[in-house]
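Participant: To start, I am sharing the structure in question, which I have written as structure tokens.
Bear in mind these aren't lab numbers, they're just calculated from the coordinates by the rules spelled out. The structure presented is a predicted model; accordingly, all values stated were derived computationally and were not measured. A quick note on method: Cβ atoms are made from the backbone with ideal geometry, for glycine too, and the neighbour counts reach across all protein chains shown.
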Amino acid sequence: MKFSVIIPAYNVSSYLECCVQSILKQTFENYEIIIVDDGSTDNTGIIADELSKNYHQVAVIHQSNGGASKARNTGISKSSGDYLLFLDGDDFWSDSQFLDAIATKIKAKAVDVVIFGYSYYYDNEIKEIPISSQNNLLTATNFGLFNGPNWNKCISKKLISNGLCFPEDLVSEDSLYCSYILKLVESFSVLTSTQYMYRQNRAGSLTNVVKEANVLDTLRGIERGLFDVSELPDTKQKALTTYFAISYISILPYAKSYLSNIEIKELLRKYKYLLKASIRIENKAFKLTGIFTNFFGINISTKIFSYLLRFYK
């Protein structure tokens with residue numbers, strides 16, 4: 001079994017060495033590292049080339065800036081592993097036995113996807129985001145296991161062969177990408193490890209900035225993701241309804257400022273029916289947000305959520 005670890009890298013010269021070294025320290029040895037320098041304007045490309053020169057496991061691809069999704073797709077096209085993982089260039093793995101743990105899961109059961117937890121990494125604090133170990137697709141979706149980032153999922157190359165890729169025309173691409181995984185997956189395992197270190201508040205990062213484009217693209221992703229849902233088995237249809245209800249709820253606290261955007265307002269109204277699935281969501285905050293909005297409506301709810309949001313910043 002071989003892993004391909006794909007690193008989209010744009011202006012992460014201060015972090016790339018740490019990122020790559022966290023892979024090179026793994027006790028599991030059958031892997032390749034593919035760094036895709038996405039048109040960086042700092043020394044990221046130079047550092048990547050130096051790492052490739054010093055370590056045979058590291059390959060580097062330089063391309064003009066096209067965004068993280070395009071960089072990941074480039075890495076996918078060059079990968080040779082049986083399973084793929086994604087690691088952002090400013091993040092890192094804290095556990096040297098992480099790949100061994102994933103390999104053990106796969107050897108026990110040859111699954112399409114292994115989902116794992118992660119941690120928010122601050123300069124002086126680490127906040128773990130654990131996940132619940134589930135083996136049922138509907139229950140796992142209710143717990144939000146398939147939602148969230150692309151980098152907490154190890155995927156089989158088989159899914160790539162079946163058409164899985166990153167949408168390159170959306171700013172908030174993870175929601176649609178992970179819905180593709182949910183549509184294609186036949187089997188999965190959960191690893192409760194939280195060793196993926198998701199770096200917070202670094203200079204130049206837009207990670208925590210929710211702009212109009214993020215809200216709009218999340219809603220566009222919902223529309224695109226539900227386009228063919230009626231062609232899927234009933235279980236997948238129900239799972240995707242809950243899945244996209246979580247995506248919908250996630251942008252409600254930020255939507256008030258952008259309700260003047262006609263497309264955003266229309267899409268919010270069009271997919272408000274998803275909130276009926278809120279009752280199935282296990283996360284209490286999401287559940288209550290969905291139920292509240294379904295009852296009181298979008299205008300009142302987004303106004304209240306926008307006000308409450310300031311207390312969490």
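Participant: Most fluctuating residue of Glu186, Glu263, Glu125 in a GNM of the chain with Cα springs under 10 Å: which is it?
Facilitator: Greatest mean-square fluctuation among the candidates belongs to Glu125.
Participant: Any idea how far the Cα center of the stretch 1-29 sits from the one of the stretch 103-169, in Å?
Facilitator: Cα centroid of the stretch 1-29 versus Cα centroid of the stretch 103-169: 18 Å apart.
Participant: A further question on this structure: Spelling out what I want: for every residue of the stretch 123-129, take phi, set θ = phi - 60°, compute 6.51 cos²θ - 1.76 cosθ + 1.60 (Karplus), and round to whole Hz; glycine and proline get x.
Facilitator: 4, 10, 7, 10, 10, 6, 10
Participant: Something else: How are the C-alpha pair distances of the chain spread across 20 Å bins, as whole percents from the shortest bin up?
Facilitator: 32, 59, 9
Participant: On to the next question. How would Leu226, Leu16 line up from fewest to most surrounding beta-carbon atoms within 10 angstrom?
Facilitator: With the fewest neighbours first, Leu226, Leu16 line up as Leu226, Leu16.
Participant: Between Glu32 and residues 5 or more places away or on another chain, which pairs have amide H atoms under 5 Å apart, with H built 1.01 Å from N, and which residues are they?
Facilitator: Amide H neighbours of Glu32, under 5 Å, 5+ apart: Phe3, Ser4, Val5.
Participant: Sticking with this one: Going by how many other beta carbons lie within 10 Å of each one, how would you line up Val58, Val209, Val171, fewest first?
Facilitator: Arranged by neighbour count, lowest to highest, Val58, Val209, Val171 become Val209, Val171, Val58.
Participant: For the chain, set up a GNM with springs between Cα atoms under 10 Å and report which of Cys18, Cys154, Cys165 has the largest fluctuation.
Facilitator: It is Cys18.
Participant: Right, next: Based on other C-beta atoms within 10 Å, arrange Phe166, Phe227 from fewest to most.
Facilitator: On the way: Phe166 23, Phe227 9.
Placing the least packed residue first, the sequence is Phe227, Phe166.
Participant: Next question. 5 Å is the cut-off here: which amide hydrogens, built 1.01 Å from N in the peptide plane, fall below it relative to Tyr118, excluding neighbours closer than 5 in sequence?
Facilitator: Ile129
Participant: Using r as the Cβ-Cβ distance of Asn54 and Asn124, and R0 as 22 Å, what FRET efficiency do you calculate, to the nearest 0.05? Each step should come with its number before you reach the end.
Facilitator: Numbers: r = 31 Å, r/R0 = 1.42.
Approximately 0.10, to the nearest 0.05.
Participant: What is the helix-to-structure angle for 234-255, meaning the angle in degrees between its Cα long axis and the longest Cα principal axis of the chain, kept from 0 to 90 and rounded to the nearest 10?
Facilitator: That helix lies at roughly 80 degrees to the long axis.
Participant: Considering only C-alpha atoms, what is the centroid distance from the stretch 43-83 to the stretch 207-274, in Å?
Facilitator: One Cα centre to the other: 32 Å.
Participant: Percent antiparallel among DSSP beta bridges with both residues in the stretch 87-236, to the nearest 5? Working shown, then result.
Facilitator: Working: 9 of 17 bridges.
Taking every DSSP beta bridge within the stretch 87-236, about 55 percent pair in antiparallel fashion.
Participant: Give, as a single signed number, the net charge of other residues whose beta carbon lies under 13 Å from the beta carbon of Val58, with Lys and Arg counted +1 and Asp and Glu -1.
Facilitator: Numbers: positive: Lys53, Lys78; negative: Glu17, Glu32, Asp37, Asp49, Glu50.
That works out to -3.
Participant: What's the angle, to the nearest 10 degrees (0 to 90), between helix 174-184's Cα axis and the longest principal axis of the chain?
Facilitator: That works out to roughly 90 degrees.
Participant: Return the single residue from Ser94, Ser52, Ser257 with maximal mean-square fluctuation; model: Gaussian network over the chain, springs between Cα atoms under 10 Å.
Facilitator: Judging by the Gaussian network model, the answer is Ser257.
Participant: Sticking with this one: What fraction of the DSSP beta bridges in the chain is antiparallel, stated in percent and rounded to the nearest 5?
Facilitator: Approximately 30 percent, going by the DSSP bridge assignments.
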